[in-house]
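Contents: one structure, followed by commentary.
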Number of protein chains: 2
Amino acid sequence: MRPLFHPAIEDIQPQAILHALSDPRRAVIFARIRSAGCVEACSALSAMGDRIIPKSSLSSHFKVLREAGLIHCERHGVEMRNRSRCAEVESRFPGLLAAIMGAYASSIDANACRTGE
Amino acid sequence: MRPLFHPAIEDIQPQAILHALSDPRRAVIFARIRSAGCVEACSALSAMGDRIIPKSSLSSHFKVLREAGLIHCERHGVEMRNRSRCAEVESRFPGLLAAIMGAYASSIDANACRTGE
DNA sequence: TTGATTAGTTCCGAAGTTCCGAACTAAGGA
DNA sequence: TCCTTAGTTCGGAACTTCGGAACTAATCAA
């Protein structure tokens, strides 16, 4: 297993962030890591609504988030600890993550309204 | 040629916007339509830096932007008029477009700095 | 040690998406 | 009517994503 690559803050590209978060499952994963403060094992995130994301897909979603510069991953014993790089990304692209995550949150709310939840 | 589909404002999804703008060429096209106020023919946007985008690719980029709800297209005689739907998108997802386009603008500036332009 | 267990990665084929040239359509002249 | 301009659709090649099977790496118990 090769060591994990994390881009330097100045190498983070807006298109990589948009691409990473344009998949709603990755957006959910990122939202949970972001709101949980800093640490969560990958496997804790495999249940997505009513279906389970296979390990291999989860692993590649984490890779996309990591290489976009959105999260930092570190091996701790047998499991992986993931923390968001929100503060760094915020300093480079002010308001970007808040706007994106806010848009997702409001579209979920709007949907819940329409389906009467 | 089938009629052009434009999503209603309440059907616009954040993932579609992020996906549409995660391609830097589409982001440039959108930035130009957005800053040009409202109207531009598709072909006016085919020169992208030093290379030319083929018509067929341009057409599908416009389709992605249109179906994401970012632009409104209308045939006027032989050409197409495109205007941004910024105001509508802004009312649904406040701050989103400004943050995304701001991120692109600042990453281009940062790159220009590094390459000494 | 060694063997079992847990957590994640890599490989690879199938399915899906994007790219772009060629052929097409649609509107507006000459 | 035919020509030109502007854009769309088709279809095959190239690329990406998905997910099961096999793998690696750390930990623990015997």
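Averaged across A:101-111, how many Cβ atoms of other chains sit within 10 Å of each residue's Cβ atom?
Taking the mean over all residues of the peptide, I get 4.
Here the Gaussian network model covers chain A, with springs between Cα atoms less than 10 Å apart; of A:Arg32, A:Arg83, A:Arg75, A:Arg75 fluctuates the most. Listed by chain and number, the lysines placed with their C-alpha closer than 26 angstrom to that of B:Lys55 are B:Lys63; residues fewer than eight positions away on the same chain are left out. Peptides A:15-25, B:9-19, A:87-97, ordered by how many other C-beta atoms sit within 10 Å of their residues on average, highest first, read A:15-25, B:9-19, A:87-97. Taking all Cα pairs closer than 8 Å and separated by 6 or more residues, the relative contact order of chain A comes to 29 percent.
Measure out, as a whole number of angstrom, how far apart the alpha-carbon centroids of the range A:58-117 and the range B:36-91 sit. So the two Cα centres are separated by 30 Å.
Accessible area of the protein assembly as shown with a 1.4 Å probe: how many percent of it is carbon plus sulfur? Within the protein assembly as shown, the accessible surface is 56 percent carbon and sulfur. Amide H to amide H, with H built 1.01 Å from N, A:Ile71 comes under 5 Å of A:Arg66, A:Arg85, counting only residues 5 or more places away or on other chains. Note on chain A: GNM, Cα springs under 10 Å; of A:Gly37, A:Gly69, A:Gly77, the largest mean-square fluctuation is that of A:Gly77.
Take each residue of peptide B:81-94, count the partner chain Cβ atoms within 10 Å of its Cβ, and average: the result is 1.
Placing unit charges on C-beta atoms (Lys and Arg positive, Asp and Glu negative, everything else neutral), compute the dipole magnitude of the range B:13-111 about its Cα centre in debye, rounded to 20. Walk me through the numbers on the way to the answer.
Values: 13 positive and 9 negative charges, 46 e Å.
Computed about the Cα centre, the dipole is about 220 debye.
Computed with a 1.4 Å probe over protein heavy atoms only, the accessible surface of chain A comes to 54 Å² per residue. What gaps in nm, shortest first, separate B:Pro94 from its twins in the other copies when you place the label 7 Å past Cα toward the beta carbon? Here the equivalent label points are 1.8 nm apart from this one. For chain A, a/c is not less than 1.5, where a ≥ b ≥ c are the root eigenvalues of the C-alpha gyration tensor, and a/b does not top b/c. That puts it in the oblate class.
The values are calculated or read from the model by the stated rules, or taken from the named source; none is laboratory data. Fair warning: this is a prediction, and the values are worked out from it, not measured in the lab. Heads up, the Cβs are rebuilt from the backbone with ideal geometry, glycines too, and the neighbour counts pull from every protein chain shown. Heavy atoms of the whole protein, side chains included, go into the accessibility calculation; ligands, DNA and RNA do not. Shrake-Rupley method; radii C 1.70, N 1.55, O 1.52, S 1.80 Å.
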